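Working notes for the structure below.
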Amino acid sequence: MSSSHPPLNWSTAGLLLVPPLMWAGNAVVGRIAAPWIPPVTFNFLRWVLVLLILLPLAGWVLRRGSPLWRHWKRYALLGLLSIASYNMLQYLALRTSTPINVTLVAASMPVWMLLVGRLFFQAPIRRSALLGAGCSLLGVLVVLTQGDLGRVRELQWVPGDAWMLLAAFVWASYSWLLTQRDEASDIRNDWAAFLLAQTALGLVSASVLTAGEWLWLGSQGQAHIEWSWALAAILVFVAIGPSLLAYRCWGAGVQRAGPTVAGFFSNLTPLFAALMSLAFLGEPPRLFHGVAFALIVAGIVVSSRR
């Protein structure tokens, strides 16, 4: 399937550079906000703000007679994967892991892109993509073993690592579904309507997850939010940057370059996360982070070759 997409050009590369920059910021501020607000609730409030921003731009998509309702199952699935699941899993990961580690573990994305594409969408696997995925996977092993690959057998996962690997699989599935055409062309051709359709239906499942979180936290006596101007500013940022801007650019980039190549660009997120962590969290990158990042960049270069 990847052969049906044109070779990567500068405009497409520019589109695909925006999401990792925004997602790195999302990881950093998500880490900052972790002590103030439960992760599932944080994700829910983020997308409620997105919904309110998009309504004036594309509210027609929710009206009776809209093509959305003929294809609601498809958009409910897209919303479940992207709105309710992926972001929630990332915030859960940030409760026990650092932004650098979370984004580096997400470097397994190309592997999931290849596997999901081959198993469920009959997409052929090119040698260059396979080699690039191997480089990225090696980068993941470097960060998980802190630079000593001989420690693979002794590897002990923190919960955040497992949550982020599951998130990578979810995002790969979502990205491949974006390439599947449907009859609701009026929605797909309007980026605001396309995102609003996913957001509105995704919030249904997100609200169920949020209710479950509060029931569980209530039973533990931990159901509270520490409101502040800082938390409000973080919510506004994640609604505009990592949500509206990043999703718009990701959707356009996937349509142009295909999910496999786009997946490797997502692995630039660790570089931006490392720089932001150094600036805002005082968590400087270590040598093994640099080695892992070099392997990730090698994966991008190799996989983008025709």
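Restricted to helices (runs of 4 or more DSSP H) entirely inside the stretch 61-135, those with at least 1 residues that are free of Cβ contacts under 8 Å to residues at least 24 places away in the same chain are 72-79, 109-121. Among the residues of the stretch 63-91, those identified as in contact with a helix residue (DSSP H, G or I) (Cβ under 6 Å, 6 or more places away or on another chain), over 26 Å from Thr103 (Cβ atoms) and not small (Gly, Ala, Ser) are Pro67, Leu68, Tyr75. Give the residues of the stretch 229-268 that are under 27 Å from His289 (Cα atoms) and over 17 Å from the mean Cα position of the chain (by Cα), sorted by residue number. Once the filter is applied, which keeps residues that are under 27 Å from His289 (Cα atoms) and over 17 Å from the mean Cα position of the chain (by Cα), the stretch 229-268 yields only Ile234. With the structure loaded, tell me whether Leu244 is part of a helix (DSSP H, G or I) and modelled with pLDDT under 75 or whether it fails that test. So Leu244 does not fit the description; no.
Just need a number here: residues in the stretch 187-217 that are of a type in the set (S, T, N, Q), more than 17 Å from Leu52 (Cβ to Cβ) and touching a helix residue (DSSP H, G or I) at 6+ places or on another chain (Cβ under 8 Å).
Of all residues in the stretch 187-217, those of a type in the set (S, T, N, Q) come to 189, 198-199, 205, 207, 210.
Right, trim to more than 17 Å from Leu52 (Cβ to Cβ) and you get 189, 205.
Those left that are additionally touching a helix residue (DSSP H, G or I) at 6+ places or on another chain (Cβ under 8 Å): 205.
The total comes to 1.
Please enumerate the residues belonging to the stretch 71-92 that are of a type in the set (Gly, Ala, Ser) and crowded, with 24+ Cβ neighbours inside 10 Å. Of everything in the stretch 71-92, those that are of a type in the set (Gly, Ala, Ser) and crowded, with 24+ Cβ neighbours inside 10 Å turn out to be Gly79, Ser82, Ala84. The residue list Arg153, Arg95, Arg118 contains one member that is modelled with pLDDT under 70 and surrounded by fewer than 22 Cβ atoms within 10 Å (Cβ to Cβ), which is Arg153.
Each row is one residue, and each column tells you yes or no for (1) in contact (Cβ under 8 Å) with a residue 12 or more places away in the chain; (2) not charged (D, E, K, R); (3) not in a loop (DSSP other than H, G, I, E, B).
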residue	(1), (2), (3)
Ala206	yes, yes, yes
Gly218	no, yes, yes
Ile225	yes, yes, no
Leu235	yes, yes, yes
Cys249	yes, yes, yes
Gly253	yes, yes, yes
Ser266	yes, yes, yes
Phe272	yes, yes, yes
Gly299	yes, yes, yes
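Across the stretch 180-232, the number of residues qualifying as of a type in the set (Phe, Trp, Tyr) and either on the phi > 0 side of the Ramachandran plot or exposed (fewer than 12 other Cβ atoms within 10 Å of the Cβ) (or both) comes to 2.
The values are calculated or read from the model by the stated rules, or taken from the named source; none is laboratory data. All figures in this text were calculated on a predicted structure; none of them were measured in a lab. Glycine gets a Cβ as well: all are built from the backbone with ideal geometry, and neighbour counts include every protein chain shown.
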